[in-house]
1. Determine the dipole magnitude for chain B: charges of +1 sit on the beta-carbon of Lys and Arg, -1 on that of Asp and Glu, nothing else is charged, the reference point is the Cα centre, and the result goes in debye to the nearest 20.
2. Scale the Cα Rg of region B:7-156 by the rule-of-thumb value 2.2 N^0.38 Å and send over the ratio, two decimals.
3. Per residue of A:360-367, how many C-beta atoms from partner chains lie within 10 Å of its own C-beta, taken as a mean?
4. Roughly what angle does helix A:354-367 make with the longest principal axis of chain A, taking Cα atoms, 0 to 90 degrees, to the nearest 10?
5. Averaged over its residues, how many other protein chain Cβ atoms are within 10 Å of peptide B:121-129's Cβ atoms?
6. Running a GNM on chain A with Cα contacts under 10 Å, which residue among A:P263, A:P129, A:P337 ends up with the highest mean-square fluctuation?
7. Percent of Cα-Cα pairs per 5 Å bin, from 0 to the last occupied bin, for region A:364-450, please list those.
8. Which cross-chain or sequence-distant (5 or more) residues have an amide H under 5 Å from the amide H of A:S107, H modelled 1.01 Å from N in plane?
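No value in this document is a laboratory result; all are computed from the given coordinates. All figures in this text were calculated on a predicted structure; none of them were measured in a lab. Because the Cβ atoms are built from the backbone with ideal geometry, glycine has one as well, and the counts that use them run over all protein chains shown.
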Amino acid sequence: MIGETREKEIYEVLQEARRSIEEDGKLLSKVYNESSIFDLEVKRIFSKTWVFLAHESEIPWSGDYVLRRIVDDSFIVTRDEDGDIHVLFNMCRHRGMQLCRSDAGNSSHFRCPYHGYTYQNTGKLNGVPFQKEAYGPEGLDKDEWAMTPAPRMEIYEGMIFASLNPDVQPLEEYIGDMGWYLDFYLKKSSAGLEVVGPPQRWIMPADWKLAAENFIGDGYHTQSTHMSTIKAGIMRVKSPAYLKEGVQITAGKHGCLFMGFKPGSYFNYPQGIVDSMLENLNEDQVELLKEESIMPLNATVFPNTSFLHSAMAVEAEGELATSVPYLTIRVWQPMGPGKMEIWSWCLVEKDATEEFKKNSNRAYLSTFGASGTLEQDDAENWSGQTRVAAGEMSGQHYLNYSAGAKHVEPIPEGEWPGPGTAYPKNYVDFAQRHFWQTYFDHLLDDRNGS
Amino acid sequence: MMLDTSVETYWEVYSFLMHEAELLDERRERDWLELFTDDAEYLMPVRVNRERAEGDGFSDEAYYFEETRGSLELRVRRLETEYAWAEDPPSRTRHFVTNVRVAEGEEEDEVAVRTNLLLYRSRGSDPKHDLLSAERKDTLRKEDGQWKLRKRVILLDHSVLTTHNLSVFL
């Protein structure tokens with residue numbers, strides 16, 4: 001009875017919270033750090049949507065594998081002898097022992113330490129010690145006891161996603177209109193992208209949603225949060241309000257923010273990449289690059305995968321004191337209410353020069369990742385927001401998500417070349433509100449039970 | 001002639017390291033920067049949990065820090081602004097530097113130094129602290145009679161960092 005009452009209460013609170021963000025542009029601060037909704041997030045978001053696990057270039061060779069998670073579900077992402085990719089539950093079918101305990105490597109087989117069941121990297125059960133003694137003369141039905149694959153696995157432009165939901169829509173359809181914007185990150189070169197080594201990983205006492213909502217479109221914070229990097233000459237911009245003008249996008253469950261660049265400079269990408277970018281992207285995309293001189297800066301693919309494309313100084317003097325471009329993809333992995341593990345990759349065009357790859361990675365390191373001079377301050381904010389939202393009464397406060405609501409209209413159809421909805425300003429909250437609406441829609445959707 | 005690693009050298013190196021830790025714990029980053037040579041390298045590779053046969057798991061591509069004197073300068077400049085929120089109010093840190101081993105360096109005016117580092121970090125009024133543990137492999141060079149840090153490689157004992165950011169130096 002207590003459980004039912006509690007569930008009803010949570011449901012009512014969430015319904016009111018959804019109404020409030022939609023109609024009033026106000027968000028209940030409790031959702032930044034609330035244990036009673038964390039289970040709902042796991043069941044109704046992370047068990048329902050697509051979640052990014054790994055980039056293909058992390059496992060380029062047959063036998064390569066990496067360990068990844070969807071919340072607490074552990075997976076081995078493998079490339080088999082035929083080059084095919086598998087996402088397999090990292091759990092022996094016999095007694096549930098964690099099958100693989102190394103975070104990356106190369107192996108054609110996984111052998112359980114407990115009783116010695118051995119599986120191929122396709123998931124097929126190969127060996128069972130003392131099979132006849134244990135299971136009789138006919139042995140064990142090895143097909144029945146193969147490793148369990150993730151219910152769904154699909155690859156989008158080199159990005160390996162999995163879903164715990166067997167009925168999830170195809171990945172291409174899930175990304176949908178957002179694909180048009182992701183092209184700017186993922187398709188600059190026809191050779192594709194590769195990761196620069198393994199991801200940075202670190203733990204932050206901050207809620208995953210705060211990072212996801214920041215990356216979906218928070219251009220407004222840059223003039224305050226990142227002021228130190230402007231003053232220090234890391235972010236080479238003329239004014240702290242450099243991100244005021246731009247375009248904010250909502251597309252499907254996702255969104256992004258465009259940033260302007262000096263005409264013809266293309267975020268300072270080397271000529272080779274600029275050439276291939278202008279060749280690989282479609283006419284409408286190229287028009288934005290050439291005529292409007294804008295490119296997506298940050299983006300979030302719901303729920304917890306974000307992109308950042310920027311250009312920053314690496315050195316105090318010399319050639320690298322100008323803006324050097326880079327791309328990072330990150331996962332905000334929930335570890336519980338108000339706590340996440342961040343996974344952060346730097347990616348470079350495969351056909352870029354070795355020198356560019358190195359400099360680009362250094363520009364990323366100097367600004368993003370655990371030591372990044374911008375991300376350090378994001379961490380301070382997200383941890384602080386999470387900390388104070390835990391208060392019984394401060395959790396009842398409503399926060400302001402109303403920027404743009406009174407005076408900014410979407411760009412009329414026909415005047416913006418891309419799909420989704422485009423807003424002609426960056427200091428607005430449309431994408432963030434869209435993120436929270438999508439979030440509440442998931443939490444309140446009980447079609448498949450709780 | 002290679003530098004000897006006599007008691008005198010050991011004592012100089014030890015004193016250098018203690019002084020360096022003091023500068024970091026006293027938040028004197030600008031003075032700390034002066035300890036580096038102009039061609040300094042400051043590296044902290046990502047470490048991946050690997051099987052024993054695969055080695056120690058340190059990446060030679062992915063880093064938490066891949067710095068030169070020029071990029072450390074930018075980091076220090078940022079901390080000197082009024083807007084470095086991550087360190088204002090500052091972390092309270094204590095660099096515990098132990099197990100100091102001094103050997104001959106590759107160049108005649110250099111020594112190779114290995115130390116263990118335990119970094120205690122406390123922030124705000126949070127009763128919980130962060131601890132980072134690492135081995136540091138340093139190359140110290142004598143320039144104009146002064147020891148300088150030519151290269152530092154910080155070899156973490158973590159595959160996942162247990163602190164919310166790296167706004168402090170190791």
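1. Working: 25 positive and 38 negative charges, 170 e Å.
Computed about the Cα centre, the dipole is about 820 debye.
2. Details: Rg = 16.2 Å, N = 150, 2.2 N^0.38 = 14.8 Å.
Normalised Cα radius of gyration, region B:7-156: 1.10.
3. For this peptide, the per-residue mean of nearby foreign Cβ atoms is 4.
4. It is inclined by approximately 80 degrees.
5. Working: counts 0, 0, 2, 4, 1, 3, 0, 1, 0.
Neighbouring Cβ atoms belonging to other protein chains average 1 per residue here.
6. The residue with the greatest mean-square fluctuation here is A:P129.
7. Pair shares across the bins are 3, 10, 11, 13, 18, 17, 16, 9, 3, 0.
8. Those lying under 5 Å, H to H, from A:S107 are A:D64, A:Y65.
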